[in-house]
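I have placed the structure first, in the form of structure tokens, so that the comments after it can refer back to it.
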Amino acid sequence: MNGAGMREMFAGIAKKIDDADRRFRRQYEGKPIEELKPRVGAAFAAIGVNLPTSQIDDYAKAVSAREPFKWVLK
């Protein structure tokens, strides 16, 4: 795969993550962290993204506090 193909692939993944984030926040923003944690993994696994526990925790904290979250794709 060439550079343009890789950029296109990452752009598609980033869009899926942004869309899932928007849907998740619309439903759960401001809720308690402990209520969010079990739902985060399932919400992102549904789009093929498996998050490590530390990222699930950090994301749940951000959503609960209505704060932005910086995604890092590796």
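Output the qualifying pairs, or none if there are none: Cβ atoms under 6 angstrom, residues six or more apart or on different chains, first residue in region 48-74 and in contact (Cβ under 8 Å) with a residue 40 or more places away in the chain, second residue of a type in the set (A, V, I, L, M, F, W, C) and in a helix (DSSP H, G or I).
Between residues of region 48-74 that are in contact (Cβ under 8 Å) with a residue 40 or more places away in the chain and residues that are of a type in the set (A, V, I, L, M, F, W, C) and in a helix (DSSP H, G or I), the close pairs are Phe69/Ala62; Trp71/Ile17.
Within region 1-43, which residues are more than 13 Å from the chain's Cα centre (by Cα), over 17 Å from Ser64 (Cβ atoms) and among the small types (Gly, Ala, Ser)?
Gly3, Ala4, Gly5, Ala11, Gly12, listed by residue number.
Can you tell which of Arg22, Arg66 is at positive phi and among the charged types (D, E, K, R)? If you could, list the steps in order and put the result at the bottom.
Numbers: Arg22 fails: at positive phi.
Only one candidate passes the filter, namely Arg66.
Hey, does region 1-11 have a residue that's in contact with a helix residue (DSSP H, G or I) (Cβ under 9 Å, 6 or more places away or on another chain) and at pLDDT below 95?
Of the residues in region 1-11, the ones in contact with a helix residue (DSSP H, G or I) (Cβ under 9 Å, 6 or more places away or on another chain) are 1.
Still in the running and at pLDDT below 95: 1.
Yes.
The values are calculated or read from the model by the stated rules, or taken from the named source; none is laboratory data. The shown structure was predicted, so the numbers you read here are calculated from the model rather than taken from an experiment. So basically every Cβ, Gly included, is an ideal-geometry build from the backbone, and we count neighbours across all protein chains shown.
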